[in-house]
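Report on the structure given below.
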Amino acid sequence: MIMQLKRIDPRYYVLLFLTSFVAAGQLFLGFFQQWDSMFTAVTAAVAAELVLTRMLRGRWIVPLSALITGLGVSLLLSSHLLWPYALASVLSIGIKHTVRIGGKHLFNPNNVAMCFMLWFLPQYAVSTPKQWTNGYEIMAFILLLGAVAAYTAGRLDTVLAFISGFALFAAVRSFLFGDPLFFAFGPMLGASFQLFCFFMITDPQTTPPTRRARVLFALGIAAVDAALRVMEVTNSPFYSAFLIALFVGLPYRLYNRRQTSKLAME
């Protein structure tokens, strides 16, 4: 059964996870975004993927990854207008195709797009906590889908390391800085936390290839996130993931590429 799960493209599990998230958010959990936000984000992502792939590679593709990107944008972003959803989706796809090392994109495209929107256009776009309002059975089902998606992508260790690191640093913040326990651990009850764990930091192309490196990668994100929370920086998970990718992931990728080139020359 486990081998059968792994033989299926992990993107289908991610798509099922996000689709279930969208449906639950709209029907049961009272998410801010409406259906038109989702359709706008998905349409923009798919269109950008088809156009850029045709221009850069000279062929048409089935835009499965773009569909996932658009759904992710529709869930992570909140705005009273529709154009920010379209802009974030186009930015995500554009970054995926242009910022690359060794044929793979360097940053999680959704993460960079979210950081851009939240930093430069905060008057138009926010990322709300989206706490679960009811239906813990639904939450458990979606979390199960997220765990399956992370497992089939070989990134469940990354999820568990980040959750453990977040809990550890939440306890440290509560002890050292007097944060109430519920305030420190409260984000773990939010839907956006599950999205971040199972979608934002599990991209196989932007996470390290070895388990040890992935665990350190996830713990690093949790540590930077904790530091930003102490400094009262909002949207800290997105910024921490970007900073780790920039100052740890980039040197790591360049080092591995240099080592691979040396071995090929010997």
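The values are calculated or read from the model by the stated rules, or taken from the named source; none is laboratory data. Because the structure is predicted, anything quoted here is derived from the model rather than measured. Virtual Cβ from ideal backbone geometry, glycine too; neighbours counted across all protein chains shown. Heavy atoms of the whole protein, side chains included, go into the accessibility calculation; ligands, DNA and RNA do not. Shrake-Rupley method; radii C 1.70, N 1.55, O 1.52, S 1.80 Å.
Some observations on this one:
- The chain, dipole about Cα centre (Lys/Arg Cβ +1, Asp/Glu Cβ -1), debye to the nearest 20: 1040
- Between the C-alpha center of segment 145-220 and that of segment 10-63 there is a gap of 23 Å.
- Considering only Thr158, Thr69, Thr40, the mean-square fluctuation computed in a Gaussian network model of the chain, springs between alpha carbons under 10 angstrom, is largest for Thr40.
- Projecting the Cα atoms of Trp60, Ala48, Trp35 onto the charge dipole of the chain (Cβ charges, centred on the Cα centre) puts Trp60 farthest toward the positive pole.
- Heavy atoms of the protein chains alone define the surface here; on that basis the chain has 51 Å² accessible area per residue at 1.4 Å probe size.
- Whole-Hz Karplus values for segment 37-52 come out as 5, 5, 5, 5, 4, 5, 4, 5, 5, 5, 4, 5, 5, 5, 5, 5 Hz, taken residue by residue from phi with 6.51 cos²θ - 1.76 cosθ + 1.60 and θ = phi - 60°; glycine and proline positions read x.
- Ordering Ala184, Leu246, Ala161 by the projection of their Cα atoms onto the charge dipole of the chain, which places +1 on the Cβ of Lys and Arg and -1 on the Cβ of Asp and Glu, puts Leu246 at the extreme positive end.
- Taking a quarter of the surface of the Cα convex hull of segment 58-118 gives a mean projected area of 4.6 nm².
- When each of the peptides 33-39, 59-65, 83-89 is scored by the mean number of other C-beta atoms lying within 10 Å of its residues, the order from highest to lowest reads 83-89, 33-39, 59-65.
- Relative contact order of the chain, pairs being alpha-carbon contacts under 8 Å that are 6 or more residues apart, as %: 19
- Inter-label distance, nm, simple model (7 Å from Cα along the C-beta direction), Phe141/Phe120: 4.0
- Protection proxy ranking of 92-99, 177-184, 216-223 - average other beta-carbon atoms within 10 Å, highest first: 216-223, 92-99, 177-184
- Computed over every Cα-Cα pair of segment 141-181 and binned at 10 Å starting from 0, the pair-distance distribution P(r) comes out as 29, 34, 24, 14 percent.
- Entry note, the chain: the mean residue ellipticity at 222 nm calculated from DSSP H runs of n ≥ 4, each adding -39500 (n - 2.57), is -22000 deg cm²/dmol after division by the residues and rounding to the nearest 500.
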